[in-house]
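> Please find one structure pasted underneath; my questions will follow.
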There are 2 protein chains.
Amino acid sequence: MILGIDIGGANTKITKIEGDNYEIHHIYFPMWKKKDELEDLLKNYNNNVDYIALVMTAELADCYKTKKEGVEDIINKVENVFNCPIYVFDVNGNFLISEEAKKRYLDVSASNWNATAKFVSEFIKDSCILVDMGSTTTDIIPIKNKKILAKKTDLDRLMNNQLVYVGTLRTPVSFLANKVEFRGKLTNLSSEYFAITADISLILNKITEDDYTCETPDGAGKDFESCLTRLARVLCADREMIKDDEIIDFANKLYNKLLNLIKENVDTIAKRYNLNDVVITGLGEEILKDALNGYNIISIKELYGKDVSLAMPSFAVAKLLQKQLNE
Amino acid sequence: MILGIDIGGANTKITKIEGDNYEIHHIYFPMWKKKDELEDLLKNYNNNVDYIALVMTAELADCYKTKKEGVEDIINKVENVFNCPIYVFDVNGNFLISEEAKKRYLDVSASNWNATAKFVSEFIKDSCILVDMGSTTTDIIPIKNKKILAKKTDLDRLMNNQLVYVGTLRTPVSFLANKVEFRGKLTNLSSEYFAITADISLILNKITEDDYTCETPDGAGKDFESCLTRLARVLCADREMIKDDEIIDFANKLYNKLLNLIKENVDTIAKRYNLNDVVITGLGEEILKDALNGYNIISIKELYGKDVSLAMPSFAVAKLLQKQLNE
């Protein structure tokens with residue numbers, strides 16, 4: 001049995017793999033508050049484990065002063081719990097044994113998206129655009145003949161259409177546009193933190209209430225009505241001043257701005273690398289389907305289920321290690 | 001001697017007028033925390049006062065459940081301190097005696113910008129566009145033959161180019177654009193709350209460090225260096241990754257987006273009402289001069305000094321009452 005573990009700053013995701021069977025566990029586990037309880041958490045999964053495949057981003061959390069300190073502490077904790085070989089995935093696409101990984105801490109830091117990309121190139125398509133829309137950002141990763149052509153820094157990724165700062169949940173609506181047509185007039189929007197993409201996603205049925213996992217801007221509920229109320233505020237209005245239909249129409253206008261932002265970046269990548277197959281994953285799969293109409297879309301959610309789509313790196317490292325061990 | 005008082009949610013501004021002389025006092029006084037100390041504050045100014053001219057917006061602060069409660073409480077407190085006639089300015093441009101004002105609380109709520117507009121129409125230009133750029137928003141008020149043609153609700157003002165949600169300080173940079181040219185490439189920006197217009201305004205010398213009166217997004221300093229650091233984050237970068245010159249160039253790109261937002265709204269109003277004179281006021285006067293190049297610009301700061309430009313409604317009501325008493 002192989003355990004794929006992805007230790008993030010706020011969530012830890014664990015995939016158990018045995019042959020073709022798999023089981024996903026999402027645990028909300030804020031490392032900046034609870035890192036000293038990580039071993040207790042992991043002990044729950046220490047049952048007949050033969051190998052660990054590990055990726056992490058929690059070393060970037062502000063409970064650690066440096067990446068070195070974070071990587072070492074996390075690997076030590078995993079070593080303390082599991083009495084089996086521990087392989088850590090690095091940014092070059094290789095597994096390092098844990099002792100080696102601690103020495104090469106920069107190579108194993110934040111390699112989770114590399115794991116997803118490598119999995120896609122090995123198991124799904126050797127040339128494609130991997131588009132991962134999470135809660136906060138959308139990553140656009142070109143893969144050509146199994147080569148992952150992603151830039152290394154976020155600055156380079158912003159400059160090269162590989163990182164778009166719109167997500168399914170946390171993006172302020174005011175980032176999408178500063179004016180939108182309303183009642184037939186080009187209307188200015190408020191720049192206050194009144195509503196986020198989660199409100200639009202929920203109103204337009206792209207996510208469920210359970211998927212709305214971040215805090216609401218006004219601290220109120222995550223239900224349809226509360227989302228309408230928040231969105232009305234972006235027009236400095238309330239639901240007595242504008243009808244629900246008008247708010248839904250407004251949500252659609254903003255949604256189209258969001259779709260365009262994603263589409264124009266993917267289009268640029270598609271042309272630059274001459275790619276037309278798109279593999280989509282993450283909480284925003286439904287949104288990506290709307291944005292990338294016309295591409296040949298392959299959905300991780302449809303292939304492996306929603307749980308995998310939301311916990312891709314832990315699944316990916318487990319699968320990649322399984323393949324490597326079988327070779 | 002006339003005392004013009006503008007009681008806002010966060011600041012109280014007081015203008016003393018005697019003949020042609022005036023003296024301005026800005027007091028940071030957060031009503032939601034300190035409303036019970038308002039009388040003590042006002043007592044400091046109770047010296048040879050003949051008349052009070054009052055405007056307010058603090059009744060909207062969340063220490064009051066309703067506008068009615070707020071207006072009554074504020075007027076009662078002013079009455080308790082000053083033993084002279086108290087006139088409250090209303091949204092129709094009239095002074096009401098305090099007893100009457102309490103009955104017509106909706107008419108005296110948030111009438112501060114009306115006071116400024118009426119002052120401009122009476123003392124400066126009877127036909128013009130009044131543009132007031134504060135910390136958070138820019139108000140664009142058409143005045144034609146002494147008639148103030150402003151819409152009543154913020155929604156209507158957003159729909160009719162009279163309210164633009166960009167200010168000198170508090171606007172998130174991510175509202176200005178979601179992509180900007182950087183190093184010759186159209187580059188995506190972060191949507192996180194990393195930097196605000198105060199950072200741009202300070203870097204480009206449009207405000208001083210003393211004018212940067214809101215909190216910084218990262219809690220760090222308001223100096224030039226700290227502003228550069230914050231702005232670099234909008235590109236997911238730090239100052240080791242990009243040079244200061246590049247950050248300043250980036251600030252200029254964003255600043256041009258801000259200028260365009262203001263200009264296109266003023267242009268629309270200018271055409272709609274066939275107006276070409278613009279009276280500017282508020283903390284953003286220097287920015288407005290850049291945005292409205294080509295208009296005949298009249299600056300309140302140049303006419304009456306920076307203190308007046310920053311405390312316009314208190315000055316305006318005092319001047320308007322003085323004029324009415326002399327007629």
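> Which one of these does B:Asp245 not meet: (1) among the charged types (D, E, K, R); (2) closer than 20 Å to B:Thr136 by Cβ; (3) outside any loop (DSSP other than H, G, I, E, B)?
The single condition B:Asp245 does not satisfy is (2).
> Of all residues in segment B:169-198, how many are touching a Ser or Thr at 6+ places or on another chain (Cβ under 9 Å), assigned to a loop (DSSP other than H, G, I, E, B), open to solvent by 20 Å² or more (accessible area, probe 1.4 Å) and more than 7 Å from every other protein chain (Cβ to nearest Cβ)?
Summing the residues that are touching a Ser or Thr at 6+ places or on another chain (Cβ under 9 Å), assigned to a loop (DSSP other than H, G, I, E, B), open to solvent by 20 Å² or more (accessible area, probe 1.4 Å) and more than 7 Å from every other protein chain (Cβ to nearest Cβ) in segment B:169-198 gives 4.
> For the structure I just gave you, tell me whether A:Glu18 is over 24 Å from A:Val308 (Cβ atoms), without any contact (Cβ under 8 Å) to a residue 24 or more places away in the chain and acidic (Asp, Glu).
no
> Out of the residues in segment A:132-168 that are assigned to a loop (DSSP other than H, G, I, E, B), within 12 Å of chain B (Cβ to nearest Cβ) and open to solvent by less than 10 Å² (accessible area, probe 1.4 Å), which is farthest from A:Gly284 (Cα to Cα)?
A:Gln162
> Only residues that are in a helix (DSSP H, G or I), within 12 Å of another protein chain (Cβ to nearest Cβ) and open to solvent by 10 Å² or more (accessible area, probe 1.4 Å): list them for segment B:229-238, please.
B:Arg233
> Considering only residues that are closer than 19 Å to A:Ile141 by Cβ, in contact with a helix residue (DSSP H, G or I) (Cβ under 9 Å, 6 or more places away or on another chain) and not in a helix (DSSP H, G or I), which ones fall in segment A:283-327?
A:Leu283, A:Gly284, A:Leu292, A:Tyr295, A:Ile297, A:Ile298, A:Ser299
> If you don't mind, there's one more thing I want to ask. Yes or no: segment B:218-225 includes at least one residue that is part of a loop (DSSP other than H, G, I, E, B), under 24 Å from B:Lys289 (Cβ atoms) and in contact (Cβ under 8 Å) with a residue 40 or more places away in the chain. It would help to see each step written out before you state the result.
Taking segment B:218-225 and keeping what is part of a loop (DSSP other than H, G, I, E, B), we get B:218-223.
Still in the list and also under 24 Å from B:Lys289 (Cβ atoms): B:222.
Pick out the ones that are also in contact (Cβ under 8 Å) with a residue 40 or more places away in the chain and you get none.
For segment B:218-225, residues part of a loop (DSSP other than H, G, I, E, B), under 24 Å from B:Lys289 (Cβ atoms) and in contact (Cβ under 8 Å) with a residue 40 or more places away in the chain: absent.
> Moving on to the next point. Working only within segment A:36-74, note down all residues that are within 12 Å of A:Ser109 (Cα to Cα), part of a loop (DSSP other than H, G, I, E, B) and hydrophobic (A, V, I, L, M, F, W, C).
A:Ala61
> OK, next. Return the only residue of A:Ile262, A:Ile207, A:Ile247 being of a type in the set (A, V, I, L, M, F, W, C), modelled with pLDDT of 95 or more and more than 29 Å from A:Cys128 (Cβ to Cβ). I'd like the intermediate steps shown before the answer.
Working: A:Ile262 fails: more than 29 Å from A:Cys128 (Cβ to Cβ); A:Ile207 fails: more than 29 Å from A:Cys128 (Cβ to Cβ).
Matching residue, one of A:Ile262, A:Ile207, A:Ile247: A:Ile247.
> Kindly indicate the residue of segment B:99-125 that is over 21 Å from the mean Cα position of the chain (by Cα) and without any contact (Cβ under 8 Å) to a residue 24 or more places away in the chain and also nearest to B:Glu264 (Cα to Cα) among those meeting that condition.
So, considering only residues that are over 21 Å from the mean Cα position of the chain (by Cα) and without any contact (Cβ under 8 Å) to a residue 24 or more places away in the chain, the one nearest to B:Glu264 (Cα to Cα) is B:Arg104.
> Return yes when A:Leu202 is away from chain B (no Cβ under 14 Å) and either open to solvent by 10 Å² or more (accessible area, probe 1.4 Å) or assigned to a loop (DSSP other than H, G, I, E, B) (or both) and no when it is not.
Here the answer is yes, as A:Leu202 does meet what is asked.
> Please verify whether segment B:95-116 includes one or more residues that are closer than 25 Å to B:Leu259 by Cβ and open to solvent by less than 10 Å² (accessible area, probe 1.4 Å).
Yes - at least one qualifying residue is present in segment B:95-116.
> Please go through segment B:283-309 and pick out each residue that is open to solvent by 10 Å² or more (accessible area, probe 1.4 Å), of a type outside the set (D, E, K, R) and under 23 Å from B:Ile52 (Cα atoms).
Listed by number, the residues that qualify are B:Tyr304, B:Gly305.
> Would you pick out the residues in segment A:310-319 that are surrounded by fewer than 24 Cβ atoms within 10 Å (Cβ to Cβ) and within 12 Å of A:Lys118 (Cβ to Cβ)?
A:Lys319, the sole residue that qualifies.
> Which one of the conditions (1) in a helix (DSSP H, G or I); (2) crowded, with 16+ Cβ neighbours inside 10 Å does A:Asp6 fail to meet, given that it meets all the rest?
Status for A:Asp6: all satisfied but (1).
> What number of residues within segment A:9-21 satisfy the criterion of being closer than 22 Å to A:Leu325 by Cα and surrounded by fewer than 19 Cβ atoms within 10 Å (Cβ to Cβ)?
Going through segment A:9-21 one residue at a time, the tally reaches 4.
> Then there's this: Is at least one residue of segment A:272-287 within 14 Å of chain B (Cβ to nearest Cβ) and over 27 Å from A:Lys179 (Cβ atoms)? Spell out the reasoning first.
Restricting attention to segment A:272-287, the residues satisfying the condition of being within 14 Å of chain B (Cβ to nearest Cβ) are A:272.
Filter once more, so that each one left must be over 27 Å from A:Lys179 (Cβ atoms): A:272.
Taking every residue of segment A:272-287 in turn, at least one turns out to be within 14 Å of chain B (Cβ to nearest Cβ) and over 27 Å from A:Lys179 (Cβ atoms).
> Residues that are touching a residue at least 40 places away in the same chain (Cβ under 8 Å), in contact with a strand residue (DSSP E or B) (Cβ under 9 Å, 6 or more places away or on another chain) and open to solvent by less than 30 Å² (accessible area, probe 1.4 Å): does segment A:69-76 have at least one? Explain how you work it out, then say what you get.
Going residue by residue through segment A:69-76, those that are touching a residue at least 40 places away in the same chain (Cβ under 8 Å) are A:74.
If we keep only those that are in contact with a strand residue (DSSP E or B) (Cβ under 9 Å, 6 or more places away or on another chain) as well, we get A:74.
Going one step further and asking which of them are open to solvent by less than 30 Å² (accessible area, probe 1.4 Å), we end up with A:74.
The answer is yes; a qualifying residue exists.
> Related question: Among (1) over 13 Å from A:Val131 (Cα atoms); (2) within 14 Å of another protein chain (Cβ to nearest Cβ); (3) at pLDDT 95 or above, which single condition is A:Met241 missing?
(3)
> Also, quick follow-up: Among residues belonging to segment A:253-282 that are charged (D, E, K, R) and part of a helix (DSSP H, G or I), point out the one that is surrounded by the most Cβ atoms within 10 Å (Cβ to Cβ).
Filtering segment A:253-282 for residues that are charged (D, E, K, R) and part of a helix (DSSP H, G or I), the one surrounded by the most Cβ atoms within 10 Å (Cβ to Cβ) comes out as A:Lys263.
> Follow-up question, since we're still on this one. If you go through segment B:40-58 one residue at a time, how many are touching a residue at least 40 places away in the same chain (Cβ under 8 Å) and open to solvent by less than 50 Å² (accessible area, probe 1.4 Å)?
10
The values are calculated or read from the model by the stated rules, or taken from the named source; none is laboratory data. Since we're looking at a predicted model, the values are computed, not measured. Please note: Cβ atoms are built from the backbone with ideal geometry, for glycine as well, and neighbour counts cover all protein chains shown. For the accessible areas, the whole protein counts, side chains as well, though only heavy atoms, and no ligand, DNA or RNA atoms are used. Shrake-Rupley method; radii C 1.70, N 1.55, O 1.52, S 1.80 Å.
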